[in-house]
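Some notes on the structure that comes next.
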């Protein structure tokens with residue numbers, strides 16, 4: 001095998017990957033871009049929206065990316081929002 005990333009049917013995109021996709025896609029390795037593009041479904045957790053909003057509120061000058069940018073990016077990249085429930089949050093402790 002040549003180190004190629006196997007295409008996934010579904011991908012959960014990390015916060016920094018979504019931001020880089022929207023702002024500086026050249027930071028993402030080509031193999032990862034290929035995997036993202038070939039995925040049948042791409043998800044962005046609602047936790048990502050919370051993280052982005054909190055960072056933006058803390059210091060918008062240093063972190064200008066906000067929830068409106070995230071919404072536009074998820075639409076542009078055909079991502080589905082992935083809600084998180086209280087039960088899923090509680091399960092982290094287990």
Margin query: Let me check against my output: what whole-number percent is the relative contact order of segment 10-91, with C-alpha pairs under 8 Å and at least 6 apart?
Written below: 36 percent
Checklist line | Per-bin percent of Cα-Cα distances, the chain [5 Å] | finding: 3, 12, 21, 22, 17, 13, 9, 3, 0, 0
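No value in this document is a laboratory result; all are computed from the given coordinates. Everything quoted here is computed from the prediction, not taken from an experiment.
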